[in-house]
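Worksheet: one structure, shown below.
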Amino acid sequence: MLQHLNISNYALIEKSDIEFDEGMSVITGETGAGKSIMLGALGLLLGGRADVQVLQNKDQKCIVEATFDVAKYGLNALFEEEEVDYDDETIIRREILPNGKSRAFVNDQPVNVSFLKLLGNKLIDIHSQHQNLLLSDGSFHLNIVDTVAQDDAERLEYRGLYDQYVSLQARERSMVEDNERMKRDLDYMEFQLRELQDLKLVEDEDKELEIEQERLSNAEDIKMQLSESINLMEGNEQSIIPALKQLSNSVTKIDRFLPNDTDAANRITSARIDIEDLLRTFSGVYDSLEVDPQRLEYVDSRLNAIYNLEKKHRVESVNDLIKLRDDLSEKVGHIANFDEQLDLLREEIEKVLSNLTVVADKLSEKRQSVFADIQKYVESHLHDMGMRNAVFTIGHKRSEVYTATGNDELHFLFAANLGGVPTDISKVASGGEMSRVMLSIKSLLSRSKSLPTIIFDEIDTGVSGDVADKMGSIMNKMADNMQVIAITHLPQVAAKGGRHYQVYKEDTAESTVSHIRALSSDDRVTEIAKMLSGSRVSDAAIQNAKELLSAE
């Protein structure tokens, strides 16, 4: 419930501070006094677009702040999900800065506009005059029926299956498109795959072949250098090893005369052992190394084949070619097994569709179960509001196409006169008739939907007299279940409110400003009398105003 509204520096409103009560409140005032401005300010709190043009003083920020009692509406989970601090008395604030930027806060915590919209939808329904156009919108009709039917569980179950169904259909389309594209490339892919498979690639073989290629290419030079090295080590008496043996014998004879830490004999022996070990290694390599022109030719050819494929496929190694080969193999295999995979997917789609059909039927039955009650309720209220021959029905058919909301197509049908054929309401109802139908529907929703506040912006346009009185009574009855705020030009409706506010304009030396004030009992009589007779209030108007008020 809206408890308090504070508006600063918004359009014609310099500063306004309003307290609201439970039940029904009415707001009156001359045309252009600023009633719609207050609704615009409230719209900001509900996530409406911020526009720097609304700043009355362009050097100061605009602030719109409202306090709501939300204790009875189970909003804790929503606050928790959005990580916003919850309070039974929730304060929403919106600021528009002179530079055009806007900020939003809930309980002094910064929030984004999307959260304001989400929260606002659960706090206030603002029924402006253009909302009557919703009566031509089939989705609005469906929403009304769903609200009355209390079919949240069925819709949730249906939506889960529908999303799954749509996802599987998208996957099927993607599979078919991919397969068609791959089929066009199949011959070329198979050629590439054979080329890669024929080469019988082995992981890292390019690196090993490059090492072997270098060794084979230099085999003659390597053998010659090894031969010279071996000869230097022990080929004759002047070679290293015989010389070290002779040196070892000579040093051994004088070892005892050398300093203790010289250890010359052992060091010479160790050097000889290392060189003899190296000699054996050289000899082994020399004996095993072959000059093999045929093997070199094979290695060159193999590497050239690998290099050509790497260049062709723009990769850098054998391992990349192997991965490409495996990927191509998978794609070719996928095409070969496509029909089988597609059949399996289509079986899954049919299974989900079958379940979707069952749940759609259940949802449709739940909706149809309230048609009669809705029709009876709306017709009863229309009769009370002076349309004694009005007929209101719900046109319904089932579509073969499933949508996110089911496969029910609903249309509100209306006939105002006796013997008239119910027709699409948007095509046959006048403005006053549309207002009465919409009020009947809003009244119906107030019994079914847990919404704290509804604001009617001149929903009584196009009616007067007894009809206006009946509309005011309906709004007053709605206030048993929710807070109702009615902006009206009709005295019959204004008299129904438990609290009455007047919006008026005042000219100052520099500008025109709007104010809103709560009326006392005496002021209220005067205001309603003005609504009855104009600015020159007669005694008869005063008496009539008192009678209207006392009738309530």
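The values are calculated or read from the model by the stated rules, or taken from the named source; none is laboratory data. Because the structure is predicted, anything quoted here is derived from the model rather than measured. A quick note on method: Cβ atoms are made from the backbone with ideal geometry, for glycine too, and the neighbour counts reach across all protein chains shown. Calculation scope for accessible area: heavy atoms of the full protein, side chains included, ligands and nucleic acids excluded. Shrake-Rupley method; radii C 1.70, N 1.55, O 1.52, S 1.80 Å.
Residue by residue through the range 474-508, note down the ones that are closer than 20 Å to SER16 by Cβ and part of a helix (DSSP H, G or I).
Scanning the range 474-508 gives a single hit, ALA494.
Does SER217 meet the test of being among the hydroxyl-bearing types (Ser, Thr, Tyr) and in contact with a Phe, Trp or Tyr (Cβ under 6 Å, 6 or more places away or on another chain)?
no
Go through the range 52-68 and give me each residue that's within 22 Å of ILE124 (Cα to Cα) and either touching a Pro at 6+ places or on another chain (Cβ under 8 Å) or open to solvent by 50 Å² or more (accessible area, probe 1.4 Å) (or both).
GLU65, PHE68
Which condition does LEU278 not pass, out of (1) exposed (fewer than 15 other Cβ atoms within 10 Å of the Cβ); (2) in contact (Cβ under 8 Å) with a residue 60 or more places away in the chain; (3) assigned to a helix (DSSP H, G or I); (4) not acidic (Asp, Glu), if it passes all the others?
Against the list (1) exposed (fewer than 15 other Cβ atoms within 10 Å of the Cβ); (2) in contact (Cβ under 8 Å) with a residue 60 or more places away in the chain; (3) assigned to a helix (DSSP H, G or I); (4) not acidic (Asp, Glu), LEU278 comes up short only on (2).
Those residues that are more than 18 Å from PHE412 (Cβ to Cβ), crowded, with 22+ Cβ neighbours inside 10 Å and among the hydrophobic types (A, V, I, L, M, F, W, C), I need them from the range 441-467; list them, please.
Selection gives ILE454, PHE456, VAL463.
Return the residue satisfying two criteria in turn: it lies in the range 8-21 and is part of a loop (DSSP other than H, G, I, E, B) and in contact with a strand residue (DSSP E or B) (Cβ under 6 Å, 6 or more places away or on another chain), and of such residues it is surrounded by the fewest Cβ atoms within 10 Å (Cβ to Cβ). Before the answer, list the steps.
Step one: list which residues in the range 8-21 are part of a loop (DSSP other than H, G, I, E, B), which gives 11-12, 20-21.
Subset that is in contact with a strand residue (DSSP E or B) (Cβ under 6 Å, 6 or more places away or on another chain): 12, 20-21.
Numbers: LEU12: 19, PHE20: 19, ASP21: 15.
That would be ASP21.
Check HIS411, HIS396 and return the single one that is over 24 Å from ALA153 (Cβ atoms) and either assigned to a strand (DSSP E or B) or touching a strand residue (DSSP E or B) at 6+ places or on another chain (Cβ under 7 Å) (or both).
Values: HIS396 fails: over 24 Å from ALA153 (Cβ atoms).
Unique residue meeting the criteria: HIS411.
Just checking, which of ARG103, ARG93 is surrounded by 18 or more Cβ atoms within 10 Å (Cβ to Cβ), at pLDDT 90 or above and closer than 21 Å to ASP17 by Cα?
The unique qualifying residue is ARG93.
Of the residues ALA77, ALA71, only one is of a type in the set (Gly, Ala, Ser) and surrounded by 12 or more Cβ atoms within 10 Å (Cβ to Cβ); which?
Selected residue: ALA71, the only one of ALA77, ALA71 that is of a type in the set (Gly, Ala, Ser) and surrounded by 12 or more Cβ atoms within 10 Å (Cβ to Cβ).
Considering the range 254-266 alone, what residues qualify as being of a type in the set (A, V, I, L, M) and loosely packed, with under 13 Cβ neighbours inside 10 Å?
Once the filter is applied, which keeps residues that are of a type in the set (A, V, I, L, M) and loosely packed, with under 13 Cβ neighbours inside 10 Å, the range 254-266 yields ILE254, LEU258.
Output yes when any residue across the range 137-152 is closer than 23 Å to ALA11 by Cα, of a type in the set (Ser, Thr, Tyr), open to solvent by 10 Å² or more (accessible area, probe 1.4 Å) and touching a Ser or Thr at 6+ places or on another chain (Cβ under 9 Å), and no when none is.
Within the range 137-152, none of the residues are closer than 23 Å to ALA11 by Cα, of a type in the set (Ser, Thr, Tyr), open to solvent by 10 Å² or more (accessible area, probe 1.4 Å) and touching a Ser or Thr at 6+ places or on another chain (Cβ under 9 Å).
Hey, does the range 538-547 have a residue that's within 44 Å of the chain's Cα centre (by Cα) and surrounded by 19 or more Cβ atoms within 10 Å (Cβ to Cβ)?
No, there is no match, as no residue in the range 538-547 is within 44 Å of the chain's Cα centre (by Cα) and surrounded by 19 or more Cβ atoms within 10 Å (Cβ to Cβ).
Can you find a residue that is under 15 Å from SER25 (Cα atoms), assigned to a loop (DSSP other than H, G, I, E, B) and modelled with pLDDT of 90 or more anywhere in the range 514-531?
Scanning the range 514-531, I find at least one residue that is under 15 Å from SER25 (Cα atoms), assigned to a loop (DSSP other than H, G, I, E, B) and modelled with pLDDT of 90 or more, so the answer is yes.
Of the residues in the range 153-206, how many are in contact with a helix residue (DSSP H, G or I) (Cβ under 7 Å, 6 or more places away or on another chain) and of a type in the set (Ser, Thr, Tyr)?
3
Just to confirm my filter: which helices (runs of 4 or more DSSP H) fall fully inside the range 292-389 and include at least 1 residues that are within 22 Å of PHE191 (Cβ to Cβ), modelled with pLDDT of 90 or more and aliphatic (A, V, I, L, M)?
Working: elements: 293-313, 318-336, 338-368, 371-384.
Of the helices (runs of 4 or more DSSP H) lying wholly inside the range 292-389, those with at least 1 residues that are within 22 Å of PHE191 (Cβ to Cβ), modelled with pLDDT of 90 or more and aliphatic (A, V, I, L, M) span 293-313, 318-336.
Is it true that GLU330 is out of contact with any Asp or Glu (no Cβ under 9 Å at 6 or more places or on another chain) and under 30 Å from ARG155 (Cβ atoms)?
no
Let's see how each residue does on (1) assigned to a helix (DSSP H, G or I); (2) in contact with a Phe, Trp or Tyr (Cβ under 7 Å, 6 or more places away or on another chain); (3) aromatic (Phe, Trp, Tyr); (4) without any contact (Cβ under 8 Å) to a residue 12 or more places away in the chain:
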residue: TYR158; (1), (2), (3), (4): yes, no, yes, no
residue: GLU172; (1), (2), (3), (4): yes, no, no, no
residue: MET175; (1), (2), (3), (4): yes, no, no, no
residue: ASN179; (1), (2), (3), (4): yes, yes, no, no
residue: LEU193; (1), (2), (3), (4): yes, no, no, no
residue: GLN197; (1), (2), (3), (4): yes, no, no, no
residue: ILE230; (1), (2), (3), (4): yes, yes, no, no
residue: GLN238; (1), (2), (3), (4): no, no, no, yes
residue: PRO242; (1), (2), (3), (4): yes, no, no, yes
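Conditions (1) open to solvent by 60 Å² or more (accessible area, probe 1.4 Å); (2) of a type outside the set (A, V, I, L, M); (3) in contact (Cβ under 8 Å) with a residue 24 or more places away in the chain, marked per residue:
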position	(1), (2), (3)
ARG302	no, yes, yes
LYS312	yes, yes, no
ASN319	no, yes, yes
ASP343	yes, yes, no
GLU348	yes, yes, yes
LEU353	no, no, yes
VAL359	no, no, yes
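If you scan the range 419-440, which residues turn out to be open to solvent by 10 Å² or more (accessible area, probe 1.4 Å) and either within 18 Å of ALA495 (Cβ to Cβ) or of a type in the set (Asp, Glu) (or both)?
ASP424, GLU433
Which one of these is buried (at least 16 other Cβ atoms within 10 Å of the Cβ) and under 37 Å from the mean Cα position of the chain (by Cα): HIS334, HIS411? First the steps, then the outcome.
Details: HIS334 fails: buried (at least 16 other Cβ atoms within 10 Å of the Cβ).
Testing whether each residue is buried (at least 16 other Cβ atoms within 10 Å of the Cβ) and under 37 Å from the mean Cα position of the chain (by Cα) leaves just HIS411.
All but one of (1) of a type in the set (Val, Ile, Thr); (2) surrounded by fewer than 16 Cβ atoms within 10 Å (Cβ to Cβ); (3) part of a helix (DSSP H, G or I) hold for VAL251; which doesn't?
Unmet for VAL251, out of (1) of a type in the set (Val, Ile, Thr); (2) surrounded by fewer than 16 Cβ atoms within 10 Å (Cβ to Cβ); (3) part of a helix (DSSP H, G or I): (2).
Output the residues belonging to the range 490-513 that are open to solvent by 40 Å² or more (accessible area, probe 1.4 Å) and at pLDDT 90 or above.
Those that are open to solvent by 40 Å² or more (accessible area, probe 1.4 Å) and at pLDDT 90 or above: GLY498, ARG499.
When the range 199-218 is examined, which residues are found to be on the phi > 0 side of the Ramachandran plot and free of Cβ contacts under 8 Å to residues at least 12 places away in the same chain?
Residue satisfying the conditions is LYS200 alone.
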